[in-house]
Every structure is written in structure tokens, then in C-alpha cells.
1. Is one or more of the residues making up segment 10-28 in contact (Cβ under 8 Å) with a residue 24 or more places away in the chain and under 14 Å from residue 106 (Cα atoms)?
2. Give the residues of segment 71-100 that are within 24 Å of residue 24 (Cβ to Cβ) and within 14 Å of the chain's Cα centre (by Cα), sorted by residue number.
3. Need a quick list: helices (runs of 4 or more DSSP H) entirely within segment 8-105 having at least 2 residues that are crowded, with 18+ Cβ neighbours inside 10 Å.
């Protein structure tokens with residue numbers, strides 16, 4: 001779902017809302033680095049807020065969402081197999097690896 005950051009009919013900001021739980025972040029959907037950063041933020045949120053680690057209400061195809069969910073699950077389960085019920089804390093190396101794999105999926 002794509003919506004404008006502003007409530008005006010002529011908005012040209014071009015940003016897309018990525019949402020999870022009660023959180024929302026506006027990103028350039030064409031910038032894989034920015035989108036990957038947001039997915040990492042979602043994935044590393046509290047277990048009760050992140051759902052599957054991929055923001056919802058968002059622009060990408062179902063196939064892409066599945067690929068992103070697989071990447072998130074792989075990395076979070078490497079830290080803790082019970083990641084769905086546990087908040088995950090990653091070190092810088094783990095976080096960078098997650099982001100790099102997300103960018104591979106996001107790049108055209």
C-alpha cells in the first residue's frame with residue numbers, strides 16, 4: 001500500500017510508509033539501503049511488536065515479502081531458534097549480515 005507522507009492531493013515527497021505494530025517509518029521505496037534499515041529495525045523490535053519482522057501495509061509484491069521473511073527468519077533463528085517468542089539482540093556483525101542479505105533481495 002502506497003500513501004503520501006502529507007495529506008495534500010499534490011504531494012510529491014515520494015516517500016512510502018512502512019509500518020509494524022504502532023510504528024511507522026517513511027522511506028524511499030527505491031532505496032534498498034533505506035528499506036533494509038527499516039526492515040532491520042522491525043525485525044529487531046520486541047517480539048510482541050515485530051510479527052514476522054517484515055513491515056506491513058507496504059508496496060512490495062507478495063513474492064518479495066516471502067523472500068524477505070525467509071531472510072529475517074534465517075538470521076533471527078541463528079541467534080535464537082525461539083525468535084518468534086523472543087526479542088532478539090544482534091551484534092554489529094550479525095546486523096550487517098542481515099542487512100546485506102535483505103539488500104540482495106531488494107535490489108532489482
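Derivation of every value follows stated rules applied to the coordinates shown; laboratory data play no part. This is a predicted model, so every value here is computed, not measured. Glycine also receives a Cβ, built like all others from the backbone with ideal geometry; neighbour counts cover every protein chain displayed.
1. no
2. Of everything in segment 71-100, those that are within 24 Å of residue 24 (Cβ to Cβ) and within 14 Å of the chain's Cα centre (by Cα) turn out to be 71, 72, 73, 75, 76, 95, 98, 99.
3. Details: elements: 32-43, 47-50, 62-79.
It comes to 32-43, 62-79.
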